[in-house]
1. Please work out which residue is most open to solvent (accessible area, probe 1.4 Å), limiting yourself to segment 130-146 and to residues that are in a strand (DSSP E or B) and touching a Ser or Thr at 6+ places or on another chain (Cβ under 8 Å).
2. Could you pull out the residue among F88, F120, F106 that is open to solvent by 40 Å² or more (accessible area, probe 1.4 Å), not in a loop (DSSP other than H, G, I, E, B) and not hydroxyl-bearing (S, T, Y)?
3. Could you check, for segment 62-83, whether at least one of its residues is closer than 20 Å to L185 by Cα and open to solvent by less than 50 Å² (accessible area, probe 1.4 Å)?
4. I'm checking my understanding of the structure. Among residues of segment 214-229 that are open to solvent by less than 40 Å² (accessible area, probe 1.4 Å) and in a loop (DSSP other than H, G, I, E, B), which one is farthest from F88 (Cα to Cα)?
5. Within the group I145, I140, which residue is among the aliphatic types (A, V, I, L, M) and more than 19 Å from the chain's Cα centre (by Cα)?
6. Residues of segment 165-195 being of a type in the set (F, W, Y) and within 16 Å of M154 (Cβ to Cβ), which ones?
7. Count, please, the residues in segment 182-213 that happen to be open to solvent by 60 Å² or more (accessible area, probe 1.4 Å) and either at positive phi or modelled with pLDDT of 95 or more (or both).
8. Please go through segment 159-194 and pick out each residue that is farther than 8 Å from A210 by Cβ, among the aliphatic types (A, V, I, L, M) and outside any loop (DSSP other than H, G, I, E, B).
Amino acid sequence: MAADSSTANDNLRGGQRKPKRKRVLIAVVAMLAALAVAVVVFLNTSYPASPEAIAALNGNDEVTVTIQEDGDMVFAPTNGTSDRGIVFYPGGKVDPRAYAPLMQDFAKRGFTCVLVRMPFNLAVFDINAADGEQAAFPGISHWYIGGHSLGGAMASEYVAGHAGQYEGLLLCAAFPTEDLSGSQLEVESVYGSNDGVLKRDKYEENRSNAPQMVEDVIEGGCHGYFGDYGGQEGDGMPTISREEQLDRTADDLVTLSKR
């Protein structure tokens, strides 16, 4: 009888363990499914370009805009005399079309601008997006690279391995993540005094990566005013217009090209 009782108890405990394991498995699967949904939503959600920014893709008397087969956008002076070019990496989770007004201002100052698209609007997924762009424009002899926020950081990482192909790096509310101290690369950093997104501690920590960097702080500017995509979470309140910040940034690119 004792043996039969022990066997019965073992069977009972085994029967209890199976439902518990099943509940744990269901809970784990549910959590993984929820995480997958959250990742998909995150990757497919971005700050949208404003209607005004999208309208800037139409070009005007001064700037011609073309869309390449891969979706990259090219802004060039209509006079066709540009020998300077810049490849620009958009900020993280921002529709790249939001930077069309800035590219317009660059082009008006004589630069052919290649505004590259990124997978899921995140430059970390295509740090080498600038590959092949120079070959597509053989008439341009002076090349620069730049980007906004995460895009600027990834542009700095890219140019660290291609410093001989570029003359300068333009960082818009970004910092150099790789050591550029041994290169001949000119570096210009521009950000708004009211930027609430740029991590100042990280910015200061990484300054030594580019001791040649020249800094321009736009009084009253903010993080989101390098593009046109509405307000950005955590950003400060600007006290100047977006047009003023874009104009100043375009002037910084000209300054960079003359150093």
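The values are calculated or read from the model by the stated rules, or taken from the named source; none is laboratory data. Here the structure is a predicted model, which means the values were calculated and not measured. Quick reminder, even Gly has a Cβ in these numbers, built from the backbone with ideal geometry, and neighbours come from all protein chains shown. Side chains are part of the model used for accessible areas, which takes the heavy atoms of the whole protein and leaves out ligands, DNA and RNA. Shrake-Rupley method; radii C 1.70, N 1.55, O 1.52, S 1.80 Å.
1. Taking the candidates together, the pick is H142.
2. Only one candidate passes the filter, namely F120.
3. No, there is no match, as no residue in segment 62-83 is closer than 20 Å to L185 by Cα and open to solvent by less than 50 Å² (accessible area, probe 1.4 Å).
4. Here the residue is G220.
5. Exactly one of I145, I140 is among the aliphatic types (A, V, I, L, M) and more than 19 Å from the chain's Cα centre (by Cα), namely I140.
6. Residues satisfying the conditions are Y166, F175.
7. Going through segment 182-213 one residue at a time, the tally reaches 9.
8. Listed by number, the residues that qualify are V159, A160, A163, L170, L171, V190.
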